[in-house]
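Let me begin by presenting the structure, written as structure tokens, before commenting on it.
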Amino acid sequence: MSGFRNTVVGSYPRPEKLEDTMKRPVMNRDEVDDYIKWAAKDQASLGLDTITDGEGYRENMYYFYQKRIDGITFEDMPKVSFGTAGFGIECPRVIGELKNPRFDIARNWKIARDAAPDEVEVKLTVTGPHVLYRFSVNERKDLYPDAQALCRAWANVLRDEIAEAIALGCEHVQFDEPMWTESPEESLWAAEILAELIESLPKKVRVGLHVCGGNPRRKRVYFTKYTDLVEAFKAVPVDELLLEHCTLSYNMLELFDEWDFKGDLAIGVIDQRSDALETIEEIRERLKPALDYFPADRLILTSECGFGHVPIDVTHAKLKRLVEASKVL
């Protein structure tokens with residue numbers, strides 16, 4: 001039995017090298033199915049306790065949803081800048097009511113579940129409504145008069161498909177909300193909208209929340225400290241947090257001096273932004289401070305963010321080391 005549990009944050013590479021991992025080519029349905037089966041088996045073969053469907057079939061974490069819903073157009077997209085590190089991307093426009101979602105996230109989760117060994121947990125990872133609102137240019141103020149209205153609309157279209165996955169047997173849902181660190185002034189109401197979505201789910205479902213400083217092309221681009229988001233964290237009823245740790249310029253564990261969090265912490269002890277392979281001793285030193293805040297059975301080892309932009313050989317090496325560390329530490 002492992003000394004610590006381990007998990008992936010979410011995204012996994014495609015097996016082939018891509019020129020631009022920010023705008024991956026669209027896959028057809030058969031290609032999506034084949035990728036998910038491969039990704040689930042590949043992650044499980046590394047010895048991971050909890051995996052995902054890989055997410056690599058997604059063009060990126062927001063385009064995937066925006067391309068598969070009515071009310072959004074990808075024509076004449078303006079380029080929008082985010083944060084202070086020069087990150088910008090073309091964002092689609094909201095031109096009508098957000099409706100008729102065709103995300104297929106329930107089907108995708110079930111394909112991964114069927115492909116993975118029974119003893120491996122498969123969680124459903126969902127881009128949070130705040131991310132989807134931030135990367136959507138609102139041209140229908142008559143429908144969505146303010147930021148909160150558009151964010152809530154995204155939450156509403158996510159709800160039904162998450163419910164479908166739960167009906168198929170999914171018991172673990174993770175929301176990804178990195179844009180809290182890009183626009184901290186919005187984080188509290190964004191958290192309250194996410195809480196509404198979470199509270200609509202069955203109580204049996206384990207809910208995780210991942211918040212990071214962004215990871216486009218393996219670079220952190222938002223620099224808000226977790227301690228500046230404490231009220232937002234307090235507002236969401238989650239069982240598991242997945243947070244950066246090992247490359248931050250501050251002690252993120254101070255968040256728990258201000259918040260008596262009762263759930264589990266999946267702590268980023270692997271740096272997916274670097275090709276350098278961590279040693280077991282480096283992981284031990286990164287993990288050690290967290291034991292002053294959490295007992296070992298409430299700590300889960302993971303990377304700081306996903307591996308969607310990382311070469312597959314580097315991904316394999318780092319995740320094998322993560323699994324090794326979880327067994328020997």
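Numbers at a glance
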quantity: The chain: calculated mean residue ellipticity at 222 nm from DSSP helix runs of at least 4, using -39500 (n - 2.57); calculated: -10000 deg cm²/dmol
quantity: Linear extension gain, Arg140 paired with Arg298, 0.36 nm per residue minus alpha-carbon span; calculated: 52.4 nm
quantity: For region 175-257, radius of gyration divided by Kirkwood radius, i.e. Rg to Rh on alpha-carbons; calculated: 0.96
quantity: All-pairs alpha carbon distance profile, region 60-215, 10 Å steps from 0, percent; calculated: 10, 39, 36, 13, 2
quantity: Size of charge dipole - the chain - debye, nearest 20, with Cβ of Lys, Arg +1 and Asp, Glu -1, no other charges; calculated: 460 debye
quantity: Theoretical FRET efficiency, 1/(1+(r/R0)^6), r = Cβ-Cβ of Asp30 and Val328, R0 45 Å, to 0.05; calculated: 0.65
quantity: Within-11-Å neighbourhood charge of Lys234 [Cβ basis; K, R +1; D, E -1]; calculated: -4
quantity: Student exercise, region 74-132 dipole from Lys, Arg, Asp, Glu Cβ charges, in Debye to nearest 20; calculated: 140 debye
quantity: Modelled FRET efficiency - R0 30 Å, Leu188 with Arg68, Cβ distances, 0.05 increments; calculated: 0.55
quantity: Solvent-accessible area per residue, Å², over the chain with all protein chains present [probe radius 1.4 Å]; calculated: 40 Å²
quantity: Positive-end extreme of charge dipole, the chain - chosen from Gly3, His210, Cys170 (charges on Cβ); calculated: Cys170
quantity: Radius 12 Å from Cβ of Leu194, net charge of other residues (Lys, Arg +1; Asp, Glu -1); calculated: -4
quantity: Net charge, Arg24 excluded, C-beta distance under 11 Å - Lys, Arg +1, Asp, Glu -1; calculated: -2
quantity: Over region 5-328, relative contact order from alpha-carbon pairs under 8 Å, at least 6 apart, %; calculated: 20 percent
quantity: Between region 107-148 and region 218-260, the Cα center-to-center distance that results, in Å; calculated: 21 Å
quantity: Computed label-point distance, nm, for sites Trp38 and Glu16 using a 7 Å Cα→Cβ extension; calculated: 0.8 nm
quantity: Full-extension gain in nm, Ser81 to Arg159, via 0.36 nm per residue minus C-alpha separation; calculated: 25.2 nm
quantity: Label-point gap, in nm, between Asp260 and Lys99 - each point 7 angstrom along Cα→Cβ; calculated: 4.7 nm
quantity: Kirkwood hydrodynamic radius of the chain, from inverse mean 1/r over distinct Cα pairs, in Å; calculated: 19.9 Å
quantity: Charge dipole (the chain, unit charges on Cβ, about Cα centre) - positive-most of Ser200, Trp189, Leu255; calculated: Ser200
quantity: Kirkwood Rh in Å, taken over region 176-314 so that all alpha-carbon pairs contribute; calculated: 15.7 Å
quantity: Packing-based order for 75-84, 305-314, 134-143, using average beta carbon neighbours within 10 Å, highest first; calculated: 305-314, 134-143, 75-84
quantity: Accessible carbon and sulfur surface of the chain relative to its total accessible area, %, 1.4 Å; calculated: 47 percent
quantity: Top of Ala149, Ala106, Ala232 by mean-square fluctuation, Gaussian network on the chain, Cα under 10 Å; calculated: Ala149
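The values are calculated or read from the model by the stated rules, or taken from the named source; none is laboratory data. Only a predicted model underlies this, so the values are computations on that prediction, with no experimental measurement involved. Neighbour counts are summed over all protein chains in view; Cβ atoms, including those assigned to glycine, are modelled from backbone coordinates with ideal geometry. Keep in mind that these areas ignore ligands, DNA and RNA; they rest on the heavy atoms of the full protein, side chains included. Shrake-Rupley method; radii C 1.70, N 1.55, O 1.52, S 1.80 Å.
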